[in-house]
Amino acid sequence: MKKHPIQHASGSFSRRDFLRASGITALTVGGMTVLTACGPAAQSSDASASSTTTTSSSSDTSSSDSLKLGDGKTLRVGMEAAYAPYNWQESSASDTTIPIENVDGAYADGYDVQVAKKIADALGMEPVAVKMEFGSLVDSLVNGQIDIICAGMSVTDERAQSADFSDSYIDDEVIMVVKQDSPYADATKLSDFSGASVLGQKDTFYDDLIDQIPNVNHLTPVATVPLVVDGLMNGTCDAITFSSLSLPRLLKDYPTLKKVDLADGEGFTDASNPDNAAIAKGQDAVLAKINEVIDGISADERQSMWDDCMDRQPA
């Protein structure tokens, strides 16, 4: 659920340039505070060593504290739990799920969940999902109701004012989908959709991009991806914006649908759709650790994780 190239005071950056420019080097932390006895210290090399050890240990403890999110024990992960294969809700626990803190007896699964579990493990915390509407995630992060967002979200100019975003942990693309018998089925450029009714998900890049279509009938966006698909299937709209990575499962479940093949240079200005984690501002050491975790997930592992989520996501 992503956005356009980011504009900064220094000029125009792509989203990837922005993330590279904001990356920081991971810190090495550890150690424990050493307490010295009360009273004057003897003027000796031992005293100097003790003083040095105390100063160093205090610094290490401060660094360790800076790697904590929330209470340092439970990592509250904000997500919809309704956006498969990125995240969805389950009724039973498994090796791939985490509990949903605010829904009794429910669990969250999905690609975002697998990444959140890796991040929590690196921080020495136990992850739990907090289920909420997508549009309220950033405010909830700022207000301290959640510790991190892993929810198919991308960095945007507006969001970056309120939260710090990690590097991308998967890269998607926005496409257009129609019914096979649609008059727009053979469209090759955005202008072919002039006058068409197009639907996207609320508070997401999928909805924002619709305004690039000339003379489009931009329908009021709906809250979830299933509602977007329902709109197309029941004839509420002529076309929808959708995730390229999620297309194979969509076509398997709805064989009467098809992707619109837009010619090179005739599609959206920037349809790239990365997935970034977000944390509250001012936690640079934690952000560096999160980026270290993300960087450690190879391309092959990302694809394997995605394929597994596609296979087990609910119909």
All but one of (1) part of a loop (DSSP other than H, G, I, E, B); (2) over 23 Å from the mean Cα position of the chain (by Cα) hold for THR269; state the number of the condition that does not hold. (2)
The one condition PRO99 fails out of (1) farther than 29 Å from SER244 by Cα; (2) part of a strand (DSSP E or B) is (1)
If you check ASP104, ASP109, ASP65, which single one turns out to be modelled with pLDDT under 95 and not small (Gly, Ala, Ser)? ASP65
Hits in the stretch 156-170 - residues which are part of a helix (DSSP H, G or I) and under 13 Å from VAL142 (Cβ atoms): GLU158, ARG159, ALA160
Residues (closer than 16 Å to CYS237 by Cα and either touching a strand residue (DSSP E or B) at 6+ places or on another chain (Cβ under 7 Å) or part of a helix (DSSP H, G or I) (or both)) located in the stretch 171-189: ILE175, MET176, VAL177, VAL178, LYS179, GLN180, TYR184, ALA185
Out of the stretch 222-237, which residues are in contact with a strand residue (DSSP E or B) (Cβ under 6 Å, 6 or more places away or on another chain) and either hydroxyl-bearing (Ser, Thr, Tyr) or surrounded by fewer than 22 Cβ atoms within 10 Å (Cβ to Cβ) (or both)? THR224, GLY231, CYS237
For the stretch 275-315, which residues satisfy the criterion of being farther than 17 Å from ILE170 by Cβ and among the basic types (Lys, Arg)? LYS281, LYS289
Enumeration of residues in the stretch 238-263 that are at pLDDT below 95, surrounded by fewer than 17 Cβ atoms within 10 Å (Cβ to Cβ) and among the charged types (D, E, K, R): LYS252, ASP253
Considering residues of the stretch 273-312 that are surrounded by 20 or more Cβ atoms within 10 Å (Cβ to Cβ) and polar (S, T, N, Q) only, the residue modelled with the lowest pLDDT: ASN273
Among the residues of the stretch 201-240, which ones are in contact with a helix residue (DSSP H, G or I) (Cβ under 8 Å, 6 or more places away or on another chain), more than 20 Å from ASP181 (Cβ to Cβ) and not in a loop (DSSP other than H, G, I, E, B)? GLN201, TYR206, GLN212, HIS218, VAL222
Given the residues GLY152, GLY135, GLY144, GLY105, which is the only one that is touching a residue at least 60 places away in the same chain (Cβ under 8 Å), over 17 Å from the mean Cα position of the chain (by Cα) and either assigned to a loop (DSSP other than H, G, I, E, B) or surrounded by fewer than 21 Cβ atoms within 10 Å (Cβ to Cβ) (or both)? GLY144
Residue list for the stretch 108-119, restricted to those being closer than 14 Å to LYS289 by Cα and crowded, with 22+ Cβ neighbours inside 10 Å: VAL115, ALA116, ILE119
Aromatic (Phe, Trp, Tyr) and either farther than 30 Å from LEU69 by Cα or surrounded by fewer than 21 Cβ atoms within 10 Å (Cβ to Cβ) (or both), is that true of PHE205? no
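The values are calculated or read from the model by the stated rules, or taken from the named source; none is laboratory data. Because the structure is predicted, anything quoted here is derived from the model rather than measured. Glycine also receives a Cβ, built like all others from the backbone with ideal geometry; neighbour counts cover every protein chain displayed.
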